[in-house]
Amino acid sequence: MDTEVRNGTRTTVNWILAILTAPAALAVVVYSYLQVLGTAGCSDGSCTEFGPNETVFGLIEYGTPAVAAAAVALSFVTARRRYGMVVPAVAWIVIVAAAVVLFTTF
């Protein structure tokens with residue numbers, strides 16, 4: 001019985017972490033858009049050094065929602081497994097890394 005309770009708790013925590021990756025990815029995307037819009041008033045070229053390069057920005061912009069979607073989709077398969085927590089943990093690491101890149105470059 002104790003094993004069933006732990007498995008249920010592990011599954012619940014896994015799903016909570018996996019589902020919360022979606023709002024976290026949305027927050028990263030919104031932050032990146034806000035930072036880009038904030039540099040829109042720089043017409044004299046003084047804001048050319050803000051933000052990551054276009055490739056990294058594109059990876060962050062389109063990659064973080066894809067990572068969140070993949071975490072939720074993969075959790076359907078891995079949530080009840082012993083190491084199923086790895087999927088949302090890796091997703092959170094990627095999303096936090098994207099946020100750190102945006103925070104440090106803008």
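Values quoted throughout were computed directly from the atomic coordinates according to the rules given, and no laboratory measurement underlies them. The shown structure was predicted, so the numbers you read here are calculated from the model rather than taken from an experiment. Here the Cβ positions follow ideal geometry from the backbone for every residue, glycine too, while neighbour counts run over all protein chains shown.
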Return the inverse of the average 1/r over all pairs of distinct C-alpha atoms in the chain, which is the Kirkwood hydrodynamic radius, in Å to one decimal.
15.1 Å
Any helix of the chain counts here only if DSSP assigns it H throughout, its Cα atoms span 27 Å or more along the axis, and its mean Kyte-Doolittle hydropathy is at least 1.6, and such helices are 86-105
Residue separation between PHE106 and ARG82 times 0.36 nm, minus their alpha-carbon distance, gives in nm 4.7 nm
In which sequence would THR12, THR21, THR105 go, from the one with the fewest C-beta neighbours within 10 Å to the one with the most?
THR12, THR105, THR21
